[in-house]
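The values are calculated or read from the model by the stated rules, or taken from the named source; none is laboratory data. The structure displayed is predicted, hence computed values, not measured ones. Cβ placement follows ideal geometry from the backbone for every residue including glycine, while neighbour counts extend to all protein chains displayed.
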Amino acid sequence: MDLLSTAIPIARGASGEVYQVYDPRLQRKVALKLLRHGDPESIRRMLREARAQARVDHPNVCKVYEVGERDGRPYIVMQLVEGQTLDEAVDGLPLDRKVELMATVAEAIQAAHAVGLVHRDLKPANILVEERDGALRPIVVDFGIAREMNSESMTMTGELLGTPAYMSPEQVRGDLEALDRRSDVFSLAVLLYEIVAGVHPFAAKSTVETMVGITRRDPPLLRRIAPRLPQDLVAVIEKALEKSPERRYQSAALLALDLRNYLAGRPVTARPSTLFNRTERRIRRNPLLAAVFAATLVLIAIAAIVVLRVQAEAAQRARLAQRFGITVERAENLLRMAHLSPEHDITEERRLVEQELARIEDAMRDIGKVAVGPGSYALGRGALVLSRPESAVRHLQRALDAGFSGPAVQLAFAAAQLDTLDAAIRDAERILDVESRQETRRAAVARHGALARAAMERARSADFDTSQDVSPRASAEETLLAARLALAEGNWAEARSAGVRSAARLPWFYDGLLVAAEADLRTAGEALEAGDEKAAEEPIRRALDLLDSAGQRAPSDPAVFLAQCRAWRSEMGRRWGNEQAEDAHERALEKCDVALRILPDDPATLSARTLTAWRFGRWLLGRGRDPEPALQTAISSIEALASRLPAEAEVHLGNIALTRAEWARDQGEMEDARALLRDAIARFESAATQEPTNPYLYVNLGRAWMRLADYDWSGDWDAALANAIQVARTGIATASGSIADLHHISCQTHAEWAYHARHLGRDPGDHAVQAVHQCERALALRPSSAAIRNSLAMALWTDADLAMARGEDARGALEAASDAFDATLQAGPEYFAADVNRASVLLDLATQRLQFGGDIDELIRQAEEHAANIREVYPLDFAYHQTRIAFVRARAAARSGNSAEAARWFDTAQEQGSLLVGRWPSPPTNAVLAARVERTAAQWWLDRNEPDVARRHALAAIELLDQVLEQSQDLAAAWAEVALTADILRRADTPRSDGWRSRAIDAARRRLEIDPWTAPEISRLASLDGVSRAASGQP
């Protein structure tokens, strides 16, 4: 690292930077490679392989002088090679010079093999050619992704390593168990073919097509591309390019020897390729064709005429099996390689798969019966790739019925049954009757699960034709199917274990990681449903790790990044109570955006993105921040979603309207809020006809009705709340999944009804009792939920509020409610709604102690603390509490005889009340509170023989109350305040005393008509002879 002072940058790559430096110890120029900070396992692997390369002692292999780490940065000091890359150096060289260079390179690679090192990335850029004294000297460099043979720790990195155009077939497939020195032989052959023919043997329009060609297609015949090439050289190249490692040269040394034999004019061991050889290779790559060919030979020995007939049919079926098999494998590999390639839009690859399947169907119609077995199998596999389970089952069953029943067919049939099971479970969610729905779900699991298990057993059976051996991929697929079956049946632990085992069998077969991650997310989901964020932390972390690994393997699979989006959204839910939720939301949105770049307009991803952004909007709303930016993000996805999933789009738009309504209410824009609520209700009701078992739809619909009642006191609030209660009941009876939220919304609605009834003079009935009952049921389902605990405390508070309205001593009930809100804050310290509510309860309790006795200083101090916590989050509630705190202090000072303090606090309360009503005229209880402050101040000034001041405050109260009653004639609390204020004016405004006396009596009687559960002083005011007695009472 001290050499950097003389460093000259010469190269930069994925693994690090390379510098030319002068090493005074070696007294020569050397190359210094600094490895990037990255995955520790990758760093360890590269350093290990550099040390292995240092053991290679060959003049044509780049020497490694030193490997180490300095200041946390790994480095490698190597021989400095100053030359051209192979493709540049051979330009213009005669054929024999090119072959001589490649023979030397093969000998250098053999030296690496001799110490147990496989290069795995032979390509023109990794073979540098120096010119010294007119001679060309090739040097093999960059063993950066090499693998030590027999090194278990280096075999399952999960990466598709190498340069695709020069990979061997087993390397493209990711079959690391088969990857050995013969893989380098294949890469050497690709290089040799390219430099002698001038074209790449598997040239294609895209990297994916090149990789498919390496595994499935023979290269163009050299004799057609370069007809002047000597036959022996052609034979050597073709032998080294064999798809099967067993048919290649078994070492780089043998390849080098045959190249030397060719150069010396000696015979080579490779035999020229013939039509028979090529046909034989095709048969060997297709087990079914090999079986048919063997069967045909047996039949020839039985009877000539029968043999000819069967041979013709079998040959045609074999050709079809090969043709269709190659077609569907090409389609599967096309998508698989597309997924494994760097991030890009895969729409074109999916369109090509559709085209390939259409060609198979056309061919089957033209050919007839003989094509049924192989064709149906191919179509079934294609339907699985395109996520069409019903079509897959139909085609695969047809293949089985036609006798086409090898292990691969059975495993595909099992996968189709599990896809069908997933669809059946989704369909069962739409059944309204709970028992019928559960029975349907159990029947689906029993039927499709049994069929999947049976098919998997048949795939493992030894009774199958041995020509259809189960490959490592088939074994991985079988384990994956077992994981999926466990997931469908709710066995999360087994699903995770089997998913991880499946992914470990082949590094490019990452599907099991998705299943394992889903099992972890469902485990976390159960914990979050129960309100236990701590228990959800570890499974979410595991899921994110698994999905990150899958994303590294498959940078262009939208399913991987959609799963990552969902996982980060789960983490956002776990972090809901703190500011770290914002980071989780950004990560979730980022992953959804990656999925949409890969597969634009995918409905599942559009829906996930919309839901993620909307939930973040709710999070912002809960912290008093404008949710509109998040809601706009959500809307940007809905337009494309609406054309594909209209019901789901309606639900999202309803959620957005509901959130906007709540924000408008917080800003005092009540008309906008009510209009938005009606829009939300219409959208939820429209969606309910199509999604009748969606529990969250009922929750949000119930919340919208409840909010409409709260935002529109002059309207049919009781009808709105009745609708909310009915929605909750319907959801509890018919919805699938968690119903804790439905019991919770029912609790909130019953409490809201009791609150409205208490202020509007209606009989509250048993709504307060029902509120407690529903919250207790919700809490039993989700015991750690701070939100439900808050609502239970509110239900207790509602009961205390009714007692206060009747003039009763409610101190005990209020203390119980205060303790319940305190428990809520213990469960969720940042659940600010509990701060709002406990502050209110504490002020109610302080008012009760002023009336019935007790200290209030500590209660006010605690109320002020809670109010301070919500200043930025809930500005309306903060203003409300500031008014109440000043009001309580004023009454306490008046009771203690401290006139200066009383006057100061009355002024503060009046100022705060004016601000409250000016910004938030609804709910009308805000104006009633401001009027009560003015009325109480008027009584205090009147008691101090200041009738003019008292009259001014009382008239201000009457003005506020008249505005309230213009909107709602049934607000009992407003009529009570009118009666009490008019009686003050009767005594303070002597010339008009009779008029005020009449108004006091009329208002008191109206109060009694609305609400028989009234305070005693109102009853006295309602009678003619009670006026004088009421006049002498204290406020």
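Points worth noting:
- Selection over the range 654-704 of residues that are hydroxyl-bearing (Ser, Thr, Tyr) and within 24 Å of the chain's Cα centre (by Cα) gives a count of 4.
- Residues satisfying the stated conditions in the range 16-44, i.e. hydroxyl-bearing (Ser, Thr, Tyr) and at pLDDT below 70: SER42
- Only one of the listed residues (LEU596, LEU589) is over 30 Å from LEU779 (Cα atoms), part of a helix (DSSP H, G or I) and either of a type in the set (Phe, Trp, Tyr) or touching a Leu at 6+ places or on another chain (Cβ under 9 Å) (or both). That residue is LEU596.
- Residue among LEU653, LEU697, LEU701, LEU742 that alone is part of a helix (DSSP H, G or I) and over 30 Å from ARG442 (Cα atoms): LEU653
- Filter pass, ALA957 being assigned to a helix (DSSP H, G or I) and over 24 Å from TRP717 (Cβ atoms): yes
- Reported count of residues in the range 65-102, each being surrounded by 15 or more Cβ atoms within 10 Å (Cβ to Cβ) and among the basic types (Lys, Arg), is 1.
- Pairs with Cβ under 6 Å, 6+ apart, first in the range 986-1007 and free of Cβ contacts under 8 Å to residues at least 12 places away in the same chain, second crowded, with 20+ Cβ neighbours inside 10 Å and part of a helix (DSSP H, G or I): SER993/ARG986
- Checking each residue in the range 889-898 for being touching a Phe, Trp or Tyr at 6+ places or on another chain (Cβ under 9 Å) and either free of Cβ contacts under 8 Å to residues at least 24 places away in the same chain or surrounded by fewer than 23 Cβ atoms within 10 Å (Cβ to Cβ) (or both) picks out ARG889, ALA892, ALA893.
- Selected residue (only one of GLY807, GLY828, GLY765, GLY737 is surrounded by fewer than 24 Cβ atoms within 10 Å (Cβ to Cβ), closer than 27 Å to GLU685 by Cα and modelled with pLDDT under 90): GLY737
- Residue that is surrounded by the most Cβ atoms within 10 Å (Cβ to Cβ), among those in the range 845-874 that are modelled with pLDDT of 90 or more and charged (D, E, K, R): ARG849
- When we screen VAL99, VAL90, VAL77 for residues that are in contact with a Phe, Trp or Tyr (Cβ under 8 Å, 6 or more places away or on another chain) and closer than 22 Å to ASN261 by Cα, the only hit is VAL99.
- Here is the figure for the range 104-124: residues that are under 45 Å from the mean Cα position of the chain (by Cα) and closer than 17 Å to TYR193 by Cβ total 3.
- GLY624 in contact (Cβ under 8 Å) with a residue 40 or more places away in the chain and either outside any helix (DSSP H, G or I) or surrounded by fewer than 16 Cβ atoms within 10 Å (Cβ to Cβ) (or both): yes
- Any hit, the range 500-508, residues being surrounded by 24 or more Cβ atoms within 10 Å (Cβ to Cβ) and out of contact with any Phe, Trp or Tyr (no Cβ under 9 Å at 6 or more places or on another chain): no
- In the range 104-146, residue surrounded by the most Cβ atoms within 10 Å (Cβ to Cβ) [restricted to those that are of a type in the set (Lys, Arg) and out of contact with any Phe, Trp or Tyr (no Cβ under 9 Å at 6 or more places or on another chain)]: ARG137
- Qualifying residues in the range 560-586 (those that are assigned to a helix (DSSP H, G or I), touching a Phe, Trp or Tyr at 6+ places or on another chain (Cβ under 8 Å) and in contact (Cβ under 8 Å) with a residue 24 or more places away in the chain) - the one farthest from LEU611 (Cα to Cα): VAL560
- Filtered by the rule that a residue be touching a Lys or Arg at 6+ places or on another chain (Cβ under 6 Å) and under 25 Å from ASP809 (Cβ atoms), the range 851-884 gives ILE856, HIS866.
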